[in-house]
Amino acid sequence: MNKLPTSTTGNTIICGDLNHVLSSHADTSLPNTSPRHSAMRTQSKALHHLLTEHNLYDTWRMLHPMEKGFTYFSQVHKSFSRIDYALV
């Protein structure tokens, strides 16, 4: 995703498995005290920067601002995450 064009004409739509969460609080089932939250926050900041830089929005989160919804289960960590996105 770091190869997105800096200027485009028309609309940009990105859909797929990004393997990162946008919010370690809203997009995972892990408790806030989990050591993994620190690493997730770093990844989330980078993803947020990308969204801001390219004026992209998480369509699911816009429609469900308070809801936890997950697209992946990690057997190793016994946790759910939302890592699949539709960004416009």
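The values are calculated or read from the model by the stated rules, or taken from the named source; none is laboratory data. Please read these numbers as outputs of a predicted model, since none were measured by experiment. A quick note on method: Cβ atoms are made from the backbone with ideal geometry, for glycine too, and the neighbour counts reach across all protein chains shown.
Structural remarks
- Applying the condition of being surrounded by 13 or more Cβ atoms within 10 Å (Cβ to Cβ) and more than 15 Å from the chain's Cα centre (by Cα) to segment 52-80 and asking which residue is farthest from VAL21 (Cα to Cα) yields HIS77.
- Count of segment 27-37 residues, restricted to those that are modelled with pLDDT of 85 or more, surrounded by 17 or more Cβ atoms within 10 Å (Cβ to Cβ) and either over 18 Å from ALA86 (Cβ atoms) or not charged (D, E, K, R) (or both), is 1.
- Matching residues in segment 43-85 - criterion: being of a type in the set (S, T, N, Q), in contact with a strand residue (DSSP E or B) (Cβ under 7 Å, 6 or more places away or on another chain) and closer than 16 Å to HIS25 by Cα: THR71, SER79, SER81
- Any hit, segment 64-78, residues being outside any loop (DSSP other than H, G, I, E, B), modelled with pLDDT of 95 or more and not β-branched (Val, Ile, Thr): yes
- Residue, farthest from ILE14 (Cα to Cα), within segment 64-88, restricted to residues that are of a type in the set (A, V, I, L, M) and free of Cβ contacts under 8 Å to residues at least 12 places away in the same chain: VAL76
- Among the numbered conditions (1) modelled with pLDDT of 90 or more; (2) in a helix (DSSP H, G or I); (3) closer than 20 Å to PHE73 by Cβ, the only one that MET40 does not meet is (1).
- All conditions but one from (1) out of contact with any helix residue (DSSP H, G or I) (no Cβ under 8 Å at 6 or more places or on another chain); (2) at pLDDT 90 or above; (3) of a type in the set (D, E, K, R) apply to LYS3; the one that does not is (2).
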